[in-house]
Amino acid sequence: MKVLVSDFDDTLFTKDYIKNIKKINEFVNNGNMFIIATGRNLNQLLKDIEGRNINFSYLICNDGGTIFDKDLNLVSRIDIDPQIAEYLLEELNNDNNISKVLVDNGFHYFEHTDVLNNALIGRYIDKDKAQTRIDELMSKYDNINAYLSHNWINIGNKKISKGNAIKYLEELLNLNKNHIYTVGDNINDISMNEMFNGYYIENNSQPELIEVSIGSAKSVKELIIKIEKMTT
């Protein structure tokens, strides 16, 4: 059995979305496994996958902060320490370069901390200032990790990453690491492409991801065709 783990936005969710889904379902029907790994929380992801009949086995959300099975049962979650979340919220709200701050509990966004704080996101104005800010925060709070996506600062527990989430499933399901393939386009896909057989989407991937990947594909559909041709 081969396992494909795909990023969602700008990787699976593209102009080729329907074609990608059709090929994914053929791949799974041939005895393989498909997993989505995204920075979105569950409800934000469900908006674009519900009714599409994607034959996935697991959803890795919030960059690995939460993992759900095919029936949307929670398999794993790693949150930010509640006290640290309070400090982070205050710091980001007092930052003139941050126009909006939201706390993500894994399902919904709030403007205040919750019982469970899976991630914090802040909409930045100036990218360079935002990068300086997250460098400062990671230096100050050594149990968090942060990165910049398009217009947003993303902060989670230091233990989480897409790569670590896949490793968790690898051990839980006794998967063969050599048969696990990953594909993405952005810097939050680096960990999984470093740890497994990683591919990047051509034409829109970040240079840092390209550097750690073993190959490329124009689409998820094309990558599946490549994987199917590989010997076991």
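The values are calculated or read from the model by the stated rules, or taken from the named source; none is laboratory data. What you see is a predicted model, and the numbers here were worked out from it, not measured in a lab. No Cβ is skipped: glycine too gets one built from the backbone with ideal geometry, and neighbour counts run over all protein chains shown. Heads up: the accessible areas ignore ligands, DNA and RNA and are worked out on the full protein's heavy atoms, side chains in. Shrake-Rupley method; radii C 1.70, N 1.55, O 1.52, S 1.80 Å.
Using a 1.4 Å probe on the protein heavy atoms, what percent of the accessible area of the stretch 157-221 belongs to carbon and sulfur? Kindly include the intermediate steps, with their values, before the conclusion.
On the way: 1370 of 3120 Å².
Summing carbon and sulfur atoms, their accessible area is 44 percent of the total for the stretch 157-221.
Would you kindly work out the equivalent ellipsoid of the stretch 118-232 from its C-alpha gyration tensor and give its semi-axes, the square roots of five times the eigenvalues, largest first in whole Å?
Values: eigenvalues 171, 66, 19 Å².
Those come to 29, 18, 10 Å.
With a point put 7 Å past each Cα toward its Cβ, work out how far Arg123 is from Asn30 in nm, to one decimal.
Distance between label points: 4.3 nm.
Accessible area per residue, 1.4 Å probe, Å², for the stretch 12-147: what's the number?
Details: 6790 Å² over 136 residues.
Averaged over the residues of the stretch 12-147, the accessible area is 50 Å².
So how strong a dipole does the stretch 32-148 carry about its Cα centre when Lys and Arg Cβ are +1 and Asp and Glu Cβ are -1, to the nearest 20 debye?
Numbers: 11 positive and 19 negative charges, 97 e Å.
I would put it at about 460 debye.
What's the FRET efficiency of Val115 with Lys70 using the Cβ-Cβ distance as r and R₀ = 45 Å, to the nearest 0.05?
Rounded to the nearest 0.05, the efficiency is 0.95.
Any chance you could look up the accessible area of Phe56 with a 1.4 Å probe, heavy atoms only, rounded to 10 Å²?
30
Please report the relative contact order for the chain, taking Cα pairs under 8 Å with a sequence separation of at least 6, and give it as a percent rounded to a whole number.
Numbers: 447 pairs, mean separation 43.9, N = 232.
Rounded, it is 19 percent for the chain.
Once the Cβ-Cβ distance between Asn176 and Lys22 is put in as r, and R0 is 25 Å, what FRET efficiency do you end up with, to the nearest 0.05? Mind showing how you got there, number by number?
Values: r = 26 Å, r/R0 = 1.04.
For R0 = 25 Å, the calculated efficiency reads 0.45.
Taking every eigenvalue of the Cα gyration tensor of the stretch 137-188, multiplying by 5 and rooting it, what semi-axes result, largest first, whole Å?
Details: eigenvalues 137, 46, 9 Å².
Over the Cα atoms of the stretch 137-188, the ellipsoid semi-axes are 26, 15, 7 Å.
What order do Asp63, Asp71, Asp135 take when sorted by accessible area (1.4 Å probe), most exposed first? Mind dumping the intermediate values first?
Numbers: Asp63 20, Asp71 105, Asp135 75 Å².
Per-residue accessible area, sorted high to low, gives Asp71, Asp135, Asp63.
Assuming a ≥ b ≥ c are the square roots of the Cα gyration tensor eigenvalues, decide whether the stretch 1-117 counts as rounded (a/c under 1.5), prolate (otherwise, with a/b larger than b/c) or oblate.
Numbers: a/c = 3.03, a/b = 2.08, b/c = 1.46.
It comes out prolate by the Cα gyration axes.
Need one word for the chain: rounded, prolate or oblate. Basis is the Cα gyration tensor (sqrt eigenvalues a ≥ b ≥ c); a/c below 1.5 gives rounded, then a/b vs b/c decides. Working shown, then result.
Values: a/c = 1.93, a/b = 1.68, b/c = 1.15.
Cα axes put the chain in the prolate bin.
Over the stretch 164-232, calculate the relative contact order: mean separation of alpha carbon pairs under 8 Å at least 6 apart, over the residue count, as a percent. Please report the intermediate quantities before stating the final value.
Numbers: 86 pairs, mean separation 16.8, N = 69.
Normalised by residue count, the contact order of the stretch 164-232 is 24 percent.
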